[in-house]
Amino acid sequence: MIKWRGTSFSVHPLFIMIMLASLLTGHVIEMITLFGIVLIHELGHAAAATIFGWKVQEIKLLPFGGVAVTDEGGSAPCHEEIIVALAGPVQNLLMIGAAYGLHMLGFWSEAWTEYFVQANVMIALFNMLPVLPLDGGRIVQALCSLFVSYHRTLIWCGRISMTFSLFMIGFALMPLYYREPIHLNLLIIGIFLIYANWTDYRNVPYRFVRFMTNRDRLSLLRMKQGTIAYPIVVGSEQPLGGVVRLFMKSKYHLIYVLNDRGKIVAVLPEQRLVDSYFANFMVK
């Protein structure tokens, strides 16, 4: 692991094994090129995140590409998340444009330009799949948070990611039906993604707690900005944990508490529930 200006750079062991395998197959230049493309792709994410004031903790190079790990903790606005997610594929488009420019100037051969362009297209399109932690998965999660609660967003996006990962594994194994060799690379990627998403799915409660830790600060900010409150109507017997799970990421809430007769008995700002949530959390 390498650190530079507070950001760590790490390479997954499987990525190292793939690089070593390239030595045996005589494709070292191609693998180094892919390494560079993935790194520039992830640096695009990191640069966009830094512009928005996010803390970039680590850039990981994984068997299927890379991941820029940030510490926004579910507090970033939807449009920022989408821009940061798209910043990676934009780097691929810029590299494609640069490749054609170098080819026109006579610096690159047609064969090498074609390989470089195809590699960028493959990486960009693969990253747009609706699977976390890929860029497409992050965009789907950001858009989903606009319409449903953040807790439900985490649950749904985790399930969507695992479903697509299973489809990927199934597609990789499909040639077995025809007694042909399987798509080994795709199988490894699918297994890696489903394991990563299953781990994240199990950690949804902890990810939700991180979201709630930033909620009080964001609530005060939205109040100062004059944000219109989005009502949540609950019964007086509804558990506190169930109420806070209704919080939407980009909304400020007022909670209307009804009695058995359907009359409003209290109107609470969301800060009251956040404070109570953590008070009960600390007791547990």
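Summary table
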read-out: Cα pair distances exceeding 25 angstrom across the range 124-258, given as percent; value: 41
read-out: Label-point separation, Arg272 to Arg152 (7 Å along Cα→Cβ), nm; value: 2.4
read-out: Size of electric dipole in the range 186-271: Cβ of Lys, Arg +1 and of Asp, Glu -1, about Cα centre, debye, nearest 20; value: 240
read-out: Spatial separation of Cα centroids for the range 109-163 and the range 182-200, in angstrom; value: 14
read-out: Modelled FRET efficiency - R0 45 Å, Ser250 with Trp112, Cβ distances, 0.05 increments; value: 0.50
read-out: Qualifying trypsin sites (Lys or Arg not before Pro) in the range 145-228, DSSP loop, other Cβ atoms within 10 Å at most 10; value: Arg179
read-out: Anisotropy class of the range 51-159 from Cα gyration tensor, a/c 1.5 cut; value: prolate
read-out: With every protein chain in place, the range 101-256: carbon and sulfur % of accessible area (1.4 Å); value: 66
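The values are calculated or read from the model by the stated rules, or taken from the named source; none is laboratory data. The structure displayed is predicted, hence computed values, not measured ones. Neighbour counts run over all protein chains shown; Cβ positions are idealised from the backbone, glycine included. Heavy atoms of the whole protein, side chains included, go into the accessibility calculation; ligands, DNA and RNA do not. Shrake-Rupley method; radii C 1.70, N 1.55, O 1.52, S 1.80 Å.
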